[in-house]
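Written below as structure tokens is the structure these notes are about.
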Amino acid sequence: MKIGRRGFFKVAAVGAGVAAAGAAGASSAAGAAGAPGVETQGDGPGVLVDTTLCVGCRGCEAACAEANHNPPPPASDEVMKTRRETSENAFTVVNRVEGAENRFAKKQCMHCISPACASACPVRAMDKKPEGPVVYDPSACLGCRYCMVACPFDVPKYEYASNAPRVRKCTFCYERQKVGLKPACTEVCPSGALTFGRRNELLELAKTRIYTHPDKYVHHVYGEHEAGGTSWLYIGDLPLEKLALRNGVPEKEVPPLVAGALGAPPFVMTLWPPLLMGIYMFSKRREEGAGHAAEEKEEHHG
Ligand code: SF4
Ligand code: SF4
Ligand code: SF4
């Protein structure tokens, strides 16, 4: 990594911002979970993904790409031969379930009720809206990528190749929801695999389906408790860990853990300064080395 003098001051400013916001980071965690008007009881918008109904058409991928001005997804189903992750240009991907010919599961941001990404963000560039969606404001983002580290589902991705990189992820089609439209993916799903509604009602619907067909469904609603509860819920007839969803996500809320790790004074006060100085010295030495090499080359040719 090469960071010039100006780059160092930018990084240092980020460090200072993080240090100053250390406490704010922790309070952001509390804010994401408890500020007035912020959804805390999981009664906001949600989606029930019934993987027994998904036909793997990937219409949701195309609709998502269009709604978010991303490149269209690959046309060929060849891409489904390997498990895919979301990317900076693909906010949702459909994966074939391992070992099952006709089972598929879509992946996107889970829009956690108490999102770790938002709690880790020192400037609330990643924020949970009172209406429920967890959205990102590039104009506020420092580029620290704490949100990416904090997310237990490995969802946010970074535009490493861009000159003005942003963090990118599913927005739960917040702009569409604000004007009364459904998320684009749920609108186009032809098979009823995606049901958009209030999360608490979707939870009831999920449990009703399981209780009505106990031999068909695995008795687990993924997202009811994972990471303290998520707006997107999954049910299916195969072990849920096969659905390309994250295994081992803790059932408790993640923000207090993240705030503890990232906002702790020992990290901010003791590790940031030497880290920044280390980056600076490393890049300075490289710059000086490059300078000497250029001078020697000039002398040699002269
Ligand atoms: S899934 Fe990750 S990115 Fe999405 S709201 Fe939860 S913590 Fe944030
Ligand atoms: S809710 Fe919107 S942004 Fe999220 S996966 Fe669906 S279409 Fe994409
Ligand atoms: S649009 Fe619906 S049926 Fe098609 S892949 Fe997406 S979730 Fe499955």
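Readers should treat all values here as calculations from the given coordinates under stated rules, not as data from a laboratory. Treat the numbers as computed from the prediction; the structure is a model and nothing was measured. As a convention, Cβ positions derive from the backbone with ideal geometry for all residues, glycine included, and neighbour counts pool all protein chains shown.
How far apart, in nm, are two points set 7 Å out from the Cα along the Cα-to-Cβ line at ALA75 and at HIS213?
3.4
When the chain is fully extended, how far beyond the present Cα-Cα distance does VAL179 get from ALA161, taking 0.36 nm per residue of separation? All intermediate terms of the calculation are to be shown ahead of the outcome.
Details: separation 18, 0.36 × 18 = 6.48 nm, distance 3.32 nm.
Going from the current span to full extension adds 3.2 nm.
What residues qualify as long-range amide H neighbours of LYS106, i.e. H under 5 Å apart, gap of 5 or more or another chain, H built at 1.01 Å from N?
Those lying under 5 Å, H to H, from LYS106 are ASN95.
If packing is taken as the average number of other Cβ atoms within 10 Å across a peptide's residues, how do 139-152, 111-124, 227-240 rank, most packed first? Could the numbers behind the result be given before it?
On the way: 139-152: 18.4, 111-124: 27.1, 227-240: 21.7.
Going by the mean number of other Cβ atoms within 10 Å, highest first, we get 111-124, 227-240, 139-152.
Quote the FRET efficiency, to the nearest 0.05, computed for SER191 versus GLU251 with a Förster distance R0 of 41 Å and r equal to the Cβ-Cβ distance. Could you put the intermediate results ahead of the total?
Numbers: r = 30 Å, r/R0 = 0.73.
Computed FRET efficiency for SER191 and GLU251 comes out at 0.85.
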